[in-house]
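**Q** Shown below is the structure under consideration.
The values are calculated or read from the model by the stated rules, or taken from the named source; none is laboratory data. Being a predicted model, the structure only gives us computed values, none of them experimental. Neighbour counts run over all protein chains shown; Cβ positions are idealised from the backbone, glycine included. Note: accessible area is taken over every heavy atom of the protein model, side chains too, but ligands, DNA and RNA are not part of it. Shrake-Rupley method; radii C 1.70, N 1.55, O 1.52, S 1.80 Å.
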Amino acid sequence: MAVTETKAEAVSDIVIVGSGPAGLTAAVYAARAGFQPVVLEGALGAGGALMTTTEVENFPGFPEGVQGPVLMANLRVQAERFGARLVGEDAVELALDGPVKRIVDAEGRVYQARAVIVATGSAYRRLGLADEDRLSGHGVSWCATCDGFFFKDKAVAVVGGGDSALEEALFLTRFARQVVVVHRRSELRASWIMARRAADNPKITFRWNSQVTGIRGQLRAEALELRDTITQERSVLPLDGLFIAIGHEPRTELVQGQLDLDQAGYIRVGPGQATNLAGVFACGDVVDHTYRQAVTAAAAGCRAALDAQFYLTSLDLPPHPDAIV
Ligand code: NAP
C-alpha cells in the first residue's frame, strides 16, 4: 500500500503490532516493566479473533466463562493502566533489520523502536472458490456472531469439522431453523465436548465426506455444490446462508522476506519468542499452528515481552526511570 509518510516519532523501546491476547499481554508485561510500549491495535481488527467470539469457557480464572470482547476490553484497560499507548491503526510497513526498526501505519505515521513484537494473528482461511468473494456479505460469511442474526428461521450450512465450525453451528441454532455442518471427512477434528454438543442439538445435522465445489446464486448464496469424497457423486444443497469455518492462515504479509517462516507460513521463533532478526519477537497465532488458544497466545505474549526486555537490557542503555521490574 502506498502511504505518505509523515514525521517519524522519537525512538521508543518497544512497538507491538497486533492487539489480540498475545499482543495485549505483551503490552501489559512491557508496560509494567516501564517500557511504555506503543501498540498498533489495527483499525478494524483491534482485539483480534476473540472480538467475534461469544462465550470463552476455558480461559483460566473465569469459572462462569467470559465473553470474548469483554476479555479483550479488560486486557486493553489493563495494558493502558501501566502506560501502554494504544493506536487504532493498521501497520502497513515494517522495516525490521538493524538496531532501530521502523513501523509505518496507514496514516503514514512512522514509529521507531529498538524492539518489535509481531502479534498479527491469523486470518480466516478461504475455500478458494470463484464465487466465495463475490457472495461474501451476500449469504456467505466467516463470522456467525457477526452475521448470524440475519438468518432468523433460515437454513444455513457451516463448512468445516473443527471446533470453530461447531462453535459457529451451535451459535447459529439460536437463529436458524436448520444448520447443516458440511465436512470433507467422516470424522470431526473438533474436541469431544463440542462434538457432543453439536450431535445433541436437534437443529444440527451433518453432511459427511462432502467437499464444497461451488456456491450457487446470482445476488445471494442459494445453494452449495458438493462432491462426495468417497463416491465422487455430485449433489446440490439448497440454503440461505453459508458460514465458512475451515481454520486460519497466519498473517505474515508485513514480514515476508524479512523473518524466517516455516513450511506452513508461520513465523519461526526460538529460543523463546525470538525471530531470526535481533530485537524482533513474535507471538500468538502468527507463530503457532498447534495450540492456537487464547491462553497460549497470552502466554506467548508474556514470553515475547520478557524476551524483548532481556534484549533491551543487553543493549546496556540506561534503565527507564519508571521501570518496576
Ligand atoms: P482446525 O482445528 O484447523 O479445523 C479446521 C477444519 O476445517 C478441519 O476440520 C479441516 O478438515 C477443515 N478444512 C480445512 N481446510 C479445508 C478446506 N479447504 N475445505 C474443507 N474443509 C477444510 O481449525 P479451527 O476449527 O479454526 O480451530 C483452530 C484451533 O482453535 C483449534 O485448536 C481449536 O481447538 C481452537 N478453537 C477452540 C474453540 C473452543 O474451545 N470453543 C473454538 C474455536 C477454536 P480436516 O479435519 O479434514 O483437516
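**Q** Filtering segment 9-34 down to residues that are under 11 Å from Ala113 (Cα atoms) and of a type in the set (A, V, I, L, M, F, W, C), which residue is surrounded by the most Cβ atoms within 10 Å (Cβ to Cβ)?
**A** The qualifying residue surrounded by the most Cβ atoms within 10 Å (Cβ to Cβ) is Ile16.
**Q** Being small (Gly, Ala, Ser) and over 27 Å from Phe149 (Cβ atoms): is that true of Gly265 here?
**A** Judged against the criteria, Gly265 is a match.
**Q** Return the total of residues in segment 271-321 being among the charged types (D, E, K, R), under 14 Å from Ala22 (Cβ atoms) and free of Cβ contacts under 8 Å to residues at least 24 places away in the same chain.
**A** 1
**Q** Okay, moving on. Identify the residue in segment 202-236 that is in contact with a strand residue (DSSP E or B) (Cβ under 8 Å, 6 or more places away or on another chain) and in a loop (DSSP other than H, G, I, E, B) and, among all such residues, is surrounded by the fewest Cβ atoms within 10 Å (Cβ to Cβ).
**A** Restricting to residues being in contact with a strand residue (DSSP E or B) (Cβ under 8 Å, 6 or more places away or on another chain) and in a loop (DSSP other than H, G, I, E, B), the top hit is Glu233.
**Q** (1) open to solvent by less than 30 Å² (accessible area, probe 1.4 Å); (2) within 22 Å of the chain's Cα centre (by Cα); (3) more than 9 Å from the ligand (Cβ to nearest atom): which one isn't true of Ala157, the others all being true?
**A** The failed condition is (2).
**Q** Going by the conditions given, is Ala308 of a type in the set (Gly, Ala, Ser) and away from the ligand (no atom under 14 Å from the Cβ)?
**A** Against the criterion (of a type in the set (Gly, Ala, Ser) and away from the ligand (no atom under 14 Å from the Cβ)), Ala308 qualifies.
**Q** Looking only at residues that are assigned to a strand (DSSP E or B) and either modelled with pLDDT under 95 or within 23 Å of Asp90 (Cβ to Cβ) (or both) in segment 245-290, which one is most open to solvent (accessible area, probe 1.4 Å)?
**A** Looking at residues that are assigned to a strand (DSSP E or B) and either modelled with pLDDT under 95 or within 23 Å of Asp90 (Cβ to Cβ) (or both), I get Glu249.
**Q** Output the residues belonging to segment 164-185 that are open to solvent by 70 Å² or more (accessible area, probe 1.4 Å) and within 10 Å of the ligand (Cβ to nearest atom).
**A** Glu167, Arg184, Arg185
**Q** With the structure loaded, tell me whether Ser191 is more than 30 Å from Glu93 (Cα to Cα), open to solvent by 50 Å² or more (accessible area, probe 1.4 Å) and polar (S, T, N, Q) or whether it fails that test.
**A** no
**Q** Let me ask something else. Looking at this structure, is Gly108 surrounded by fewer than 16 Cβ atoms within 10 Å (Cβ to Cβ), touching a residue at least 24 places away in the same chain (Cβ under 8 Å) and either away from the ligand (no atom under 16 Å from the Cβ) or polar (S, T, N, Q) (or both)?
**A** yes
**Q** Next question, about the same structure. When both residues are 6+ apart or on different chains and their Cβ atoms are under 8 Å apart, which pairs have a first residue that lies in segment 135-151 and is on the phi > 0 side of the Ramachandran plot, and a second that is assigned to a strand (DSSP E or B)?
**A** Gly139/Gly241; Gly139/Leu242
**Q** Another question, then. Pairs under 8 Å by beta carbon, first residue modelled with pLDDT under 95 in segment 50-79, partner of a type in the set (D, E, K, R) and in a loop (DSSP other than H, G, I, E, B), six or more apart or different chains?
**A** From segment 50-79, the pairs are Gly65/Glu57.
**Q** Of everything in segment 123-154 that's over 29 Å from Val287 (Cα atoms), buried (at least 21 other Cβ atoms within 10 Å of the Cβ) and among the small types (Gly, Ala, Ser), which residue is farthest from the ligand (Cβ to nearest atom)?
**A** Within segment 123-154, the match that is farthest from the ligand (Cβ to nearest atom) is Gly139.
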